[in-house]
């Protein structure tokens with residue numbers, strides 16, 4: 001539910017997602033909005049990343065602290081806070097696992113992504129197989145092939161995660177998100193050893 005606020009400068013009534021008062025054009029104090037609302041993008045897993053980046057750049061252009069450097073301390077503070085919130089929101093939504101975690105939270109599901117004591121034997125066995133295959137690869141080509149297989153598994157897991165969000169099956173989405181976070185971490189580690 002959207003709650004209106006009052007402009008600190010001219011006392012104009014403002015909707016929740018307005019950051020510049022249309023009456024006096026003063027920047028408003030940042031409001032607690034979820035990342036999707038803050039960036040003005042659809043609340044879904046399958047985001048158009050180009051649309052997300054465009055929304056982010058547009059907001060940063062509007063609210064970058066450099067634009068407010070000649071104004072009051074209050075406006076400088078608000079622009080700095082808002083710019084920081086916009087950066088953080090973009091970083092979260094631009095990453096599949098953190099976007100999924102955010103969506104799970106917004107839908108009332110307590111994600112256990114931070115709980116690293118994950119104990120799904122099937123997923124853990126799959127992770128071990130992937131790691132062993134990479135470690136046993138004797139040359140660059142075999143290591144590269146191992147990473148390509150891992151990329152396919154990441155893509156498949158991401159597609160399954162997308163389907164689970166579309167079906168509003170948050171329990172499965174949470175498990176897949178944890179699996180995806182493991183797979184992405186392994187890919188990051190593998191690429192360091194290429």
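Just so it is clear, none of the values below were taken in a lab; they were calculated from the coordinates. The structure presented is a predicted model; accordingly, all values stated were derived computationally and were not measured. For neighbour counting, all protein chains shown are included, and Cβ atoms are generated from backbone atoms with ideal geometry for every residue, glycine included.
List of remarks:
- Think of it as helices only: each DSSP H run of n ≥ 4 in the chain is worth -39500 (n - 2.57), and spread over all residues that comes to -20500 deg cm²/dmol at 222 nm.
- As a calculated quantity, the FRET efficiency between residue 156 and residue 46 at R0 = 22 Å, using C-beta atoms, amounts to about 0.90.
- Nearest-0.05 FRET efficiency for residue 84 and residue 6, computed from C-beta distance (R0 25 Å): 0.60
- Pair residue 77, residue 24: separation of 7 Å Cα→Cβ label points (nm): 1.6
- Counting every alpha-carbon pair across the chain, the share separated by more than 22 Å comes to 59%.
- For the pair residue 185 and residue 98 in one chain, pulling the backbone fully straight at 0.36 nm per residue adds 30.0 nm over the alpha carbon distance.
- Here the calculated FRET efficiency for residue 136 and residue 167, from their Cβ-Cβ distance with R0 = 25 Å, stands at 0.10, rounded to the nearest 0.05.
- Computed extension gain for residue 57 through residue 145, at 0.36 nm per residue and net of the alpha carbon distance, reaches 28.0 nm.
- Computed over region 1-98, the ratio Rg/Rh where both radii use C-alpha atoms and Rh is Kirkwood: 0.98
- Ranking of 64, 193 by count of other Cβ atoms within 10 Å, fewest first: 193, 64
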